[in-house]
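For reference, the structure is listed below as structure tokens.
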Amino acid sequence: MENEEVKHKRRVRYKGTHPRKFEEKYKELNPEKYADDVAHIIARGATPAGMHISIMVDEILEFLEIKPGQTGLDATLGYGGHTRAMLEKLEGKGHIYALDVDPIESAKTEKRLREAGFGEDILTVRLQNFADIDKVVADTGKKFDFILADLGVSSMQIDNPERGFSYKVEGPLDLRLNPHRGQSAAERLKEMSRDEIIGMLTENADEPYAEQIARVIMKYYYMGKPVETTQDLRRCVEEALSFLPKKEQKDAVKKSCQRTFQAIRIDVNSEFEVLYAFLEKLPDVLNEGGRVAVLTFHSGEDRLVKKSFKELQKAGVYSSVARDVIRPSHEEIIRNSRSKCTKMRWAVK
């Protein structure tokens, strides 16, 4: 009935003075309602749960030199911070296409940007992999004056235990950017041999203890206890590194967990193949004088971008490329610790 009173649903209470679980952080998960609390968390140098703080915004805008009336592409929409900053530079004239493979977060981001006043006349959001940038041009008939690709995993994905991106909390070992497509990390590991796991950890993350970690993963698989959760994988790393001196283990386990999760995530999402396709297609989707900036977060990505830009400059495709990598300022790293491993490279057609 229309007049039926809607019952108030109380939020779930948490133990202690501060919420610890992702789903309990009701203020952080509602930034519009609790803006002051969220601002306080950001001021401490932390990233609120369910949010993402965009990295190197000023440096990106300075390089891209966005002008009203131009057409641009944000190849990795994420939380939309970079997209919004670029939209503001257009001053209501021009258009930005934004791509993302994550159906969960891209829908939330599009809603925020629409509510901020960016309509379909200036912003188009597409659920699409950035390996397919040529399809955007084929559909629209327009090439781009500027392109940004932020290759990092968004904080919203890392913080949500249901997505399985973090070794710090219990959750299903998923690691897919699009959880509705392809194999999860747990399913992928069940199919791999010991040598394949070693190769993956070495090639995707330069993991020095790849052999030891692979051996433990396979041991549990043969025992009928395959790795299925984030904490299962963490325990495998801990056991694999148990031969190290006690005083070294904590830091070594932390770093190996980071590298192991990174390596499996890259494999599950075919990230190197996607990046290679993107870099190969870039020249054909840029206008003359068009600019592209790429943010990378580990050495494998950076090597691919650096090699592509330099080779295409030698071939006369790019008029100039970044001679040296650009990094976040010291002040930004203090404000946002997740930015410390970021590298930016650029090219001009």
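Summary of values
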{"read-out": "Apportionment of accessible area to carbon and sulfur, the stretch 158-202, percent (1.4 Å)", "value": "48 percent"}
{"read-out": "Solvent-accessible surface ranking, highest first, for Y209, Y167, Y276, Y221 at 1.4 angstrom", "value": "Y276, Y221, Y209, Y167"}
{"read-out": "Kirkwood Rh, angstrom, the stretch 257-349 [1 / mean 1/r, Cα pairs]", "value": "14.4 Å"}
{"read-out": "Rounded percent of accessible protein surface that carbon and sulfur make up, the stretch 290-345, 1.4 Å probe", "value": "51 percent"}
{"read-out": "Accessible area per residue, Å², the stretch 171-217 with all protein chains present, probe 1.4 Å", "value": "47 Å²"}
{"read-out": "Protein-only accessible surface order, largest first, of T140, T296 at 1.4 Å", "value": "T140, T296"}
{"read-out": "Nearest-10 value in Å² for the accessible area of K254, using the 1.4 Å probe", "value": "100 Å²"}
{"read-out": "R0 of 22 Å, Cβ-Cβ distance R323-Y276: FRET efficiency to nearest 0.05", "value": "0.45"}
{"read-out": "Per-residue ³J(HN,Hα) for the stretch 203-216, Karplus 6.51 cos²θ - 1.76 cosθ + 1.60, θ = phi - 60°, Hz, x for Gly and Pro", "value": "6, 8, 8, 6, 6, x, 10, 4, 5, 5, 5, 4, 4, 5"}
{"read-out": "Residue-span extension gain [D121 to R181] - 0.36 nm each, minus C-alpha spacing", "value": "18.6 nm"}
{"read-out": "Centre separation in Å (Cα based) which lies between the stretch 276-313 and the stretch 213-244", "value": "37 Å"}
{"read-out": "Heavy atoms of C236 accessible to a 1.4 Å probe, total area in Å² rounded to 10", "value": "10 Å²"}
{"read-out": "Probe 1.4 Å - accessible area at E280, Å² to nearest ten", "value": "120 Å²"}
{"read-out": "Which listed pairs, of K108/K219; K314/K343; K67/K340; K67/K281; K168/K343, have C-alpha distances above 31 Å, in listed order", "value": "K108/K219"}
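The values are calculated or read from the model by the stated rules, or taken from the named source; none is laboratory data. In this text, all values refer to a predicted model and were calculated from it rather than measured experimentally. Glycine also receives a Cβ, built like all others from the backbone with ideal geometry; neighbour counts cover every protein chain displayed. The area values use the complete protein model at the heavy-atom level, side chains included, leaving out ligands, DNA and RNA. Shrake-Rupley method; radii C 1.70, N 1.55, O 1.52, S 1.80 Å.
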